[in-house]
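A.B. asks: The following block contains the structure, expressed as structure tokens.
Read-outs throughout are calculated quantities, based only on the coordinates presented, and are distinct from any laboratory measurement. Computed from a prediction, not measured in an experiment: that's the story for all the values here. Because the Cβ atoms are built from the backbone with ideal geometry, glycine has one as well, and the counts that use them run over all protein chains shown.
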Amino acid sequence: MKILMFGRGVIATVYGWVLHQAGHDVEFYVRLGRAATYGDSVDLDLLDARRRVWGRRVVEKWPVRYRETLEPDHDFDLIVLSVPHHRLAEATAFLSPRVGQATVLVFGNIWTEPLAAIGELPLGQVAWGFPQAGGGFDEDGTLRGALLPSVVVGTLGEPPTDRERAVRRMFREAGLRIKEQPDFRGWLWVHFVSDAGLFSQGLRLGSLSELAGATGDLREGLLAGRELLPVLQARGVDLRRHRGGVL
């Protein structure tokens, strides 16, 4: 596949590397002027847990390719769109007239209605997923992070389309297990409120990293997330379908 990663954030970089390693042709779309700032490679320090329980450390300088323009007649097969939820409207407004024939994988948190969140993107070309990786760029630009052995994918109550099945196959062939969520709307919102609860404690402590080993604060974060469950019920989420996420 010819794949365009939208932006060069943590998730785009980690999964761009994974897909490149699997033999795909990967480029990054970045804002005007960013390519020169980023340089022609990314320093990686990753814990890759796809094949070993405790993971395999990967330390390498990965050569990458950037583009700062995107014309509607491009030949990308897939665009991976993983941006913060509050930037999604801006990103979809940019991509909608430029999507061409590509599948767009919406790959991150959403708090609004998913169909509203994608704006004018053609629904028939959209696939839904959620990453299982994280990390951050340190002061010298090195990406330090971890990749879990699975990704979450889902649909909005319908069977997967051919495009969505192709995305699942791509991830499997890259060594990732698939976790299927048939009620992806509900799953996204359960995940969102769980994050909100944990982030409330991270904010109080000054950093999410301070939660590591702080069992009392973690418990408070989980309880804060549970207090938001009535909001999900009011939105029509059937919590019985997401027992694992609301315990």
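A.B. asks: Treating only the Cβ of Lys, Arg, Asp and Glu as charged (+1, +1, -1, -1), what charge dipole size does the chain show about its Cα centre? Round to the nearest 20 debye.
C.D. replies: Dipole magnitude for the chain comes out near 760 debye.
A.B. asks: So for the stretch 36-137, Kirkwood radius off the Cα pairs, Stokes-Einstein at 37 °C and 0.692 mPa s: how many µm² s⁻¹?
C.D. replies: 207 µm²/s
A.B. asks: Have a look at the DSSP beta bridges in the chain and tell me what percent are antiparallel, nearest 5.
C.D. replies: Antiparallel bridges: around 35 percent, rounded to the nearest 5.
A.B. asks: What 222 nm value per residue comes from the helices of the chain, counting each DSSP H run with n ≥ 4 as -39,500 (n - 2.57) and dividing by all residues, nearest 500 deg cm²/dmol?
C.D. replies: -10000 deg cm²/dmol
A.B. asks: With springs only between Cα atoms under 10 Å, which of Trp128, Trp54, Trp187 fluctuates most in a Gaussian network model of the chain?
C.D. replies: Its mean-square fluctuation being the largest, the pick is Trp54.
A.B. asks: Peptides 109-117, 42-50: what's the order by average Cβ count within 10 Å, highest mean first? Walk me through the numbers before you get to the answer.
C.D. replies: On the way: 109-117: 14.9, 42-50: 18.2.
Taking the mean over residues of other Cβ atoms within 10 Å, the ranking is 42-50, 109-117.
A.B. asks: Now for a separate question. What FRET efficiency would be calculated for the residue pair His86, Ala234, taking the C-beta separation as r and a Förster radius of 30 Å, to the nearest 0.05?
C.D. replies: My answer for the efficiency is 0.85.
A.B. asks: If the label point is 7 Å along Cα→Cβ of Ala214, which residues in the stretch 163-206 have backbone nitrogen under 14 Å from it?
C.D. replies: Zone members listed by number: 197-206.
A.B. asks: Go through 6-17, 214-225 and give me the packing order, highest mean Cβ count within 10 Å leading.
C.D. replies: Descending mean neighbour count gives 6-17, 214-225.
A.B. asks: Just grab the label-to-label distance for Arg241 and Ala36, each label 7 Å out from Cα along the Cβ direction, in nm (one decimal).
C.D. replies: 5.0 nm
A.B. asks: Now for a separate question. Mark the label point 7 Å from the Cα of Phe137 along Cα→Cβ and return the residues of the stretch 1-23 whose backbone N is within less than 12 Å of it.
C.D. replies: The answer is 7-14, whose backbone nitrogens lie closer than 12 Å to the label point.
A.B. asks: What percent does the relative contact order of the stretch 2-182 come to when contacts are Cα pairs within less than 8 Å and at least six residues apart?
C.D. replies: About 22 percent, as a whole number.
A.B. asks: Just order 80-92, 201-213 by mean Cβ neighbour count inside 10 Å, highest at the front, would you?
C.D. replies: On the way: 80-92: 18.1, 201-213: 12.5.
Order by mean packing, descending: 80-92, 201-213.
A.B. asks: Sort Met5, Met170 so that the residue with the fewest other Cβ atoms within 10 Å of its own Cβ comes first and the one with the most comes last.
C.D. replies: Final ranking by Cβ density, sparse to dense: Met170, Met5.
A.B. asks: Can you give me the Rg/Rh ratio for the stretch 2-182, using Cα atoms for both radii and the Kirkwood formula for Rh?
C.D. replies: Here Rg/Rh amounts to 0.94.
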